[in-house]
1. Which order do peptides 159-168, 238-247 fall in by mean Cβ count within 10 Å, highest first?
2. Rounded to the nearest whole Å³, what is the per residue volume of the convex hull around the Cα atoms of the range 240-303?
3. Which of the trypsin sites (Lys or Arg not before Pro) found in the range 106-141 are in a DSSP loop and have at most 11 neighbouring Cβ atoms, other than their own, within 10 Å?
4. Add +1 for every Lys or Arg and -1 for every Asp or Glu among the other residues with Cβ under 11 Å from the Cβ of LYS255, and state the total.
5. Provide Rg and Dmax in Å for the range 141-217, with only Cα atoms included in the calculation.
6. With only alpha-carbon pairs counted, each pair once and no self-pairs, how large is the Kirkwood hydrodynamic radius of the range 102-240 in angstroms?
7. Distance from the Cα centre of the range 179-201 to that of the range 402-450, in angstrom?
8. Going highest first, how would you order 354-361, 147-154, 225-232, 308-315 by mean Cβ packing within 10 Å?
Amino acid sequence: ILIRGTSEPSWVATPARFGVSLDRAMRSHRAREDEEEEAEDDEEKYLKGHAVPDDCSDGCSDDDDDNGRFGRPTLCLALLALGAIVAAVWSLLRGRPAVGVANAWRQCSGQGRVGGPVRDLHVHFLAMAIEDLPHADIWNAFFAGAPSGSYSAWVHCKYPDKCKENFAESGLTAFTIVPAVFGEWCTDLLSPMLQLLRYALAQQVFPPGAPAKFVFISDLTLPLKPLSVIRAELGKHPFASDFCIFPSHEWFPLKTDNSTWRITASQWSVLAKEDAETMVNVFPQPSPDNAVQVPKVENTSWDDFEVSHCIDEGAVFSALFGLFHTDKRATTANPYPGIGPVLFNSIDGIEQGCCRTWGFQMGHVSPEVDRQIVAHWEQTSQLGFVLKELIADSESDIRAPVTNWNEILYVVDKLGSAGLRALRQSSFLVGRKFAANSSFPGFAEVMFAE
């Protein structure tokens, strides 16, 4: 699977999510051997059929046209990247190291929405919790000394009175609790997201009109960089949003049309102000008693699609940017403003977009297969490399419980000095899951050092 994971925006191989169907992503060795000869022929035919146009010989521009969509230069850039991506994927599927994967694609570059960098970015941290944000000492250290007007912090609690009580006891003052609305895991975590956005957008930021970003986090998420670094990174492209887009075999197909899809993405996204405003305007106002109704997109309803993910993963991207239309060829690419070109790729295990949150979550197959998957990711991705560093650190403690949903969720119980450095030196701005009942000595000193 390809996902962003270096200090400069780049592509490296990493694990299947966020719920990737591993029975499809992990083929048996015998099946791979049977397919290898055919795959080599297909690869050769594909690469021969997608030569780079002559007008790309001197490089391609990211400039967009007057409509904010992508003109020929950006499509040209997409063609340049396709060959590298396909070669990398085939290499990974055959168990060989890919050459040039790190430079195959760039999607933290705000393509299609020009502007930036800016210094006065206002960052809204939007947390979703049950009854507490357990690491108050770390959050207090993170916000300490922050310039006035540089951030806001909001939290939606399932039990707001318990949050007030726990915040008072822990001394956490940075987060403002918003009125609770309906929220149920998978059924509807979109309502709390909308409620957080509504209150954050209603706040007057200074200076007036300053660009803003909206960062969704969970109660077990912690920042991995100083606030100044997060502001600078998100301020490079202040008008573009960041989404971790799931592999295309996890998108929702239209039941009556196998060429129309809802793109699915992680709920731990970062929204630019324009997209945050669109989201609260497109969706109904959340209510305390009922799940939010997903609006129609291009005259199709939520029930018109084969839904296999949670609403917060399947409804947001399409509501903002529309549906994905494809003929299922690996060459199909749709441009999205601020996101860049998104590919439909029939090869299992391609993630796209700009991922800002570190976390390791995967489907459970069997202990043997699980070990093989993790070992592969440790060698081919920064996300896996960070996990490897944490596990190798004798002072760190990482566990991988299997949930009732047959997923493995890696949880950090303890961090040693090597584990702290691995997280700090990664490209990720925040990370999860950090155990609620654990403390992390030295975390603030390492993570928030300028």
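Each value in this text was obtained by applying a stated rule to the coordinates, not by laboratory testing. Source: prediction; values computed, not measured. Here the Cβ is made from the backbone with ideal geometry for all residues, glycine too, and neighbour counts use every protein chain on show.
1. Details: 159-168: 15.2, 238-247: 25.4.
With the highest mean Cβ count within 10 Å placed first, the list reads 238-247, 159-168.
2. On the way: hull volume 7.9 nm³, N = 64.
Per residue, the Cα convex hull of the range 240-303 comes to 124 Å³.
3. On the way: sites: ARG106, ARG113, ARG119; in loops: ARG106, ARG113, ARG119.
Passing sites in the range 106-141 are ARG119.
4. Details: positive: none; negative: ASP257, ASP303, ASP304, GLU306.
Local net charge: -4.
5. Just the Cα atoms of the range 141-217 yield Rg and Dmax of 13.7, 39 Å.
6. Details: mean 1/r = 0.0622 Å⁻¹.
In the range 102-240 this quantity evaluates to 16.1 Å.
7. Rounded to whole Å, the Cα centres lie 25 Å apart.
8. On the way: 354-361: 24.0, 147-154: 16.4, 225-232: 18.9, 308-315: 22.0.
Going from most to least packed, we get 354-361, 308-315, 225-232, 147-154.
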